[in-house]
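The values are calculated or read from the model by the stated rules, or taken from the named source; none is laboratory data. These figures come from a predicted structure and were not determined experimentally. Quick reminder, even Gly has a Cβ in these numbers, built from the backbone with ideal geometry, and neighbours come from all protein chains shown.
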DNA sequence: TCAAACGATTAGTTAAGCTAATTATAGGAG
DNA sequence: CTCCTATAATTAGCTTAACTAATCGTTTGA
């Protein structure tokens, strides 16, 4: 593909991703937890346990912001925060089983909506898209 | 595809979209404007002019929240807010040319990063992904 | 051993989210 | 034509989320 075609693809992929997540975000209301907290919880569940600085970097916020988000998650019983035994300045943030359950329930709601949408295209198109998802994973990893 | 396969695809597509936008979001710092304002400006540029209620619905926030975001955009010279001549209760929100320029510059930064990433996959894979983007557009429209 | 560096939190501000209340306009019933 | 109700946006007042600067504890190396 020439550079112009790649750029057009990037533009379309960008716009479609925004629309997709905007669509799915509506389901998050049902979790009863704020967007920033839900997003942080997701990182904790999939990448945790991790330090405050790591979590802040992953969420692209500064440590004080993340410190308060984590405080909220801990108060809500969705995460735990304990000093790292090897270096007691650091804190190891983990998800509680309730935190994992809440996140998984939310992810399932999102996926259910997306599955509905995927029925809009034909079977052969679904296969083509499924193959492309693997390519996309390599692009974003 | 069977239901299980579709669900796996949905899960993968969901995760990849999150990673993609998280990656591209880093570029938005350079715009010097906050996330919520940039996102609202994007809707105004592509779908505007529109009323406050429409804009709030598009951004999935309540009218008072959007009222203040728009106030910020107007103060920054990126949007205008004028009463609808047909119904003076309503307000018509439009982007200024500076707003359009700022948004377009940001979008170009994001697309540039994505284009770089798209070079990670082979030409034939790029073509497959480009076709899939069209399918994805139908899924999210 | 102790000074500097490092990791997290606290303090204090502004922006972003909400609900409830207010202001201004529109529109319909009498 | 008048008023009452409904509608659109904003204002008021709250909590949460973002930031920088300052502080507290811990670690480490000169």
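If you scan segment A:1-37, which residues turn out to be part of a loop (DSSP other than H, G, I, E, B) and within 14 Å of DNA strand C (Cβ to nearest atom)?
A:32, A:33, A:34
Would you call residue A:85 out of contact with any strand residue (DSSP E or B) (no Cβ under 8 Å at 6 or more places or on another chain) and over 21 Å from residue B:26 (Cα atoms)?
yes
How many residues, within segment B:2-14, are within 7 Å of another protein chain (Cβ to nearest Cβ) and over 20 Å from residue A:24 (Cβ atoms)?
0
For segment A:44-57, give me the residue count where each residue is under 23 Å from residue B:29 (Cα atoms) and buried (at least 18 other Cβ atoms within 10 Å of the Cβ).
3
The rows are residues; the columns are (1) surrounded by 15 or more Cβ atoms within 10 Å (Cβ to Cβ); (2) within 30 Å of residue A:30 (Cα to Cα).
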residue: B:16; (1), (2): yes, yes
residue: B:29; (1), (2): no, no
residue: B:75; (1), (2): no, no
residue: B:81; (1), (2): yes, no
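Could you list all residues from segment B:86-136 that are away from DNA strand D (no atom under 16 Å from the Cβ), more than 13 Å from chain A (Cβ to nearest Cβ) and either at pLDDT below 95 or loosely packed, with under 15 Cβ neighbours inside 10 Å (or both)?
B:97, B:98, B:101, B:105
I'd like the full set of residues that are in a helix (DSSP H, G or I), more than 14 Å from every other protein chain (Cβ to nearest Cβ) and near DNA strand C (Cβ under 9 Å from one of its atoms), limited to segment A:38-73.
A:52, A:53, A:54, A:63, A:64, A:66, A:67, A:68, A:70, A:71
What are the residues in segment B:18-36 that are more than 16 Å from residue A:35 (Cβ to Cβ) and away from every other protein chain (no Cβ under 12 Å), if any?
B:30, B:31, B:32, B:33
Quick one: count up the residues across segment A:89-104 that are more than 14 Å from residue A:53 (Cα to Cα) and either out of contact with any helix residue (DSSP H, G or I) (no Cβ under 7 Å at 6 or more places or on another chain) or within 8 Å of DNA strand C (Cβ to nearest atom) (or both).
Summing the residues that are more than 14 Å from residue A:53 (Cα to Cα) and either out of contact with any helix residue (DSSP H, G or I) (no Cβ under 7 Å at 6 or more places or on another chain) or within 8 Å of DNA strand C (Cβ to nearest atom) (or both) in segment A:89-104 gives 5.
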